[in-house]
Structure formats: structure tokens, C-alpha cells
Amino acid sequence: MLGPVILAASRSDKMRRFVSAAPGTKQVVDRFIAGETVDQVVTVIQDAAGKGLELTLDVVGEDITTPEQAAAARDAYLELTGRLKDLGLGARAEMSVKLSMFGLSLEDGHELALANVRPVVEAAAAIGTTVTLDAEDHTTLDSMFAIHEELRKDHPETGCVIQAYLFRTEEDARRLAAAGSRVRIVKGAYKEPASVAYQDKAEIDKAYVRILRTLMEGEGYPMIGSHDPRLIAIAQELGRKAGRKLDEYEFQMLYGIRSDEQIRLAAEGHRMRVYTAYGTDWYGYFMRRLAEKPANLLFFGRSILTQG
């Protein structure tokens with residue numbers, strides 16, 4: 001029940017100021033955010049590689065209000081790509097981008113976001129890695145999928161994200177489960193109305209399994225974004241029944257959550273990718289992590305009380 005309240009708070013400037021000033025915030029933010037700069041994240045990438053893990057890197061931030069901010073977001077990803085190239089880490093880390101950061105919500109936003117994300121996709125391909133387009137709220141998805149289709153004409157390895165709680169996603173999954181596609185499935189972390197999304201956790205889980213079966217039985221490359229032990233076990237079974245080898249799909253989990261399980265899956269031979277966010281504009285990302293799991297909120301509350 002607290003999830004929708006927290007998601008609403010993620011859009012509140014007043015709540016942003018309160019959370020930023022709270023004495024225990026930094027301790028909890030550090031659990032989910034790998035750092036504020038590229039230099040801080042490099043050590044995380046190197047450490048993960050040493051444990052047999054791969055990463056997808058997200059420069060956090062969504063509330064873009066000017067074309068200049070959108071260009072700055074593009075440049076932040078180009079800087080990241082350059083550092084990965086210099087360090088020879090391109091094969092270990094892909095990038096996740098939110099098109100809202102690239103100007104999707106601005107005037108002529110579709111064209112602006114496509115123009116900004118294209119050089120990032122090209123730079124990623126040049127160092128042997130790729131980009132995944134993150135899903136956001138349902139009003140942005142038609143544009144995201146259209147940009148994804150356009151980018152795949154030259155860079156077919158470009159991935160996208162689908163969200164199990166949306167009614168439309170089963171149809172999207174059937175369309176996307178084609179040869180060469182890369183699709184990450186997640187439950188969904190935005191506040192969506194009952195007219196477009198399941199509200200009950202059990203119904204979301206059922207939809208997740210149906211969609212995952214479609215992806216596993218298709219010709220693309222499924223990326224299972226979940227920390228749920230039951231869904232992970234189901235994914236393994238669906239992969240086995242579909243005749244997939246362990247390198248023909250992968251698991252993805254968030255940085256700072258179930259780290260021991262990440263290492264276990266990698267040790268079993270699975271591809272295990274850690275979704276690693278960094279940057280100074282961490283608030284929206286942080287609040288969605290609290291909304292996803294009550295234990296995260298309890299951890300945050302204890303930290304504030306302890307520090308206070």
C-alpha cells in the first residue's frame with residue numbers, strides 16, 4: 001500500500017528536499033547508487049568483472065526541461081563510453097538509457113530524443129557493447145518502441161525493456177520475441193492507473209510468467225530483471241524447456257540487492273548482469289527502489305533514526 005505513496009513522493013520537490021537533508025539518507029543511497037562520477041563507477045565495474053559479473057550502467061536523472069539538459073545527458077553517456085573504451089571494459093558493461101533524459105517530453109521530443117540517443121548507440125557499438133532503452137510510464141512507450149525500431153535498423157543489438165504489469169505488454173512481447181532482439185522484462189516501478197495496469201501483485205506475477213514464456217520460446221535474447229527467487233527458478237525451468245543454453249538468456253539485478261545471489265548465479269554459469277546507477281540526480285531512482293520493496297523503506301527509516 002505504501003508503494004503508490006512513495007512513487008507520488010518521487011515527484012515532489014518538497015519531499016526531495018526533506019529526503020536529501022535527512023541525516024541517514026547518504027548511508028541508504030550508497031547502497032543503491034554506485035557513485036556520483038565515472039571515476040567512482042570504474043572501480044565497481046572492475047570489481048564486478050573479477051566476480052564473473054557483467055553490468056548495465058545508468059546515469060541517473062529524468063526530469064529534463066531544456067534541450068541543453070538533454071544534450072548534457074547525451075554527453076554524460078558519451079563520456080562513460082569513452083572511459084569504458086580506455087579501460088578495455090566495453091565487453092563487460094552495456095548502458096541503460098531513459099529517453100526522458102534525452103528530451104522525449106520536450107517539444108518535438110521524439111525527434112530530439114532519437115537525435116541524442118543515436119550517437120550513444122553508435123559509440124557503444126564502436127567499443128563492442130550496446131544500449132538498452134529503459135521503459136518509463138505508459139504514455140511514453142509508443143515513442144520508445146518506435147525509437148527502438150529505428151535504432152535497430154543500423155544497430156540490431158539495441159535492447160528495450162517491457163513491464164509485466166501493463167496490459168499491453170503481452171502483445172508487445174510477442175512482437176519483440178524475434179531473432180536478434182534483446183528484451184529485458186521487469187515487473188514495473190511507475191505508478192500506473194488500473195485502466196492500463198494490473199494492481200494486484202499476484203496478477204503481476206502471473207503476467208510476468210506468461211510474458212517470460214513468450215520470450216523464452218521466441219528467437220530473441222531474454223533478460224530477466226527480477227530478484228524474486230520463485231521467478232528466477234521459473235525462468236530457469238522455462239529456459240530448460242525451451243532448449244536454451246545458459247548463455248542464451250541472462251539475469252539482471254540491481255546494484256546493492258541480493259549480491260550473494262548474483263554471485264551464485266554467475267558461478268552456476270548463468271550470465272548475471274548488475275544494473276548499476278550512478279550520478280548526482282539520484283532522487284527519483286532512489287524513491288522507486290524504496291517503493292519496490294518494503295524492506296528497503298524500513299532500512300531507510302532505521303538509518304534516519306540511528307543517524308538522528
**Prompt:** Relative to the present Cα-Cα distance, how much length would full extension add between residue 199 and residue 259 at 0.36 nm per residue of separation?
**Reply:** 18.8 nm
**Item:** Sequence ranges 154-164, 226-236, ranked by mean other-Cβ count within 10 angstrom, highest first
**Value:** 154-164, 226-236
**Prompt:** At residue 230 and residue 111, where each label point lies 7 Å from the Cα along Cα→Cβ, what is the point-to-point distance in nanometres?
**Reply:** 4.9 nm
**Asked** Can you list the HN-Hα couplings for the stretch 37-51, worked out from phi with the Karplus curve (6.51, -1.76, 1.60; θ = phi - 60°), rounded to whole Hz and with x for Gly and Pro?
**Response** 10, 4, 4, 5, 6, 4, 5, 5, 4, 5, 5, 5, 4, x, 9
**Complete:** One finds the C-alpha centres of the stretch 163-177 and the stretch 80-144 to be spaced, in Å, by 21 Å
**Message:** How high is the relative contact order of the stretch 95-185? Use alpha-carbon pairs under 8 Å, at least six apart in sequence, and give a whole percent.
**Reply:** 25 percent
**Item:** Rounded accessible area per residue of the stretch 48-206, 1.4 Å, Å²
**Value:** 41 Å²
**Message:** Counting only protein heavy atoms and a 1.4 Å probe, tell me what percentage of the stretch 115-191's accessible area is made up of carbon and sulfur.
**Reply:** 50 percent
**Asked** What order do 98, 206, 245 take when sorted by accessible area (1.4 Å probe), most exposed first?
**Response** 245, 206, 98
**Fill in**
Whole-Hz Karplus couplings 3J(HN,Hα) for the stretch 232-245, θ = phi - 60° and coefficients 6.51, -1.76, 1.60, Gly and Pro as x, run 5, 5, 5, 4, 4, 5, 5, x, 5, 5, 7, x, 7, 6
**Asked** So what is Rg over Rh here for the stretch 35-75, counting just Cα atoms and using Kirkwood for Rh?
**Response** 1.12
**Item:** Rg over Rh [alpha-carbon atoms, Kirkwood Rh] for the stretch 112-189
**Value:** 0.96
**Complete:** Flagged as over-length at 26 Å C-alpha distance, from 51/206; 51/85; 51/201, the pairs are 51/206; 51/201
**Message:** Over 5 Å intervals from 0, what percent of Cα-Cα pairs in the stretch 158-284 sits in each interval?
**Reply:** 2, 11, 21, 22, 21, 14, 7, 2, 0
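The values are calculated or read from the model by the stated rules, or taken from the named source; none is laboratory data. Treat the numbers as computed from the prediction; the structure is a model and nothing was measured. Quick reminder, even Gly has a Cβ in these numbers, built from the backbone with ideal geometry, and neighbours come from all protein chains shown. Protein only, heavy atoms only, side chains kept; ligands, DNA and RNA dropped before computing areas. Shrake-Rupley method; radii C 1.70, N 1.55, O 1.52, S 1.80 Å.
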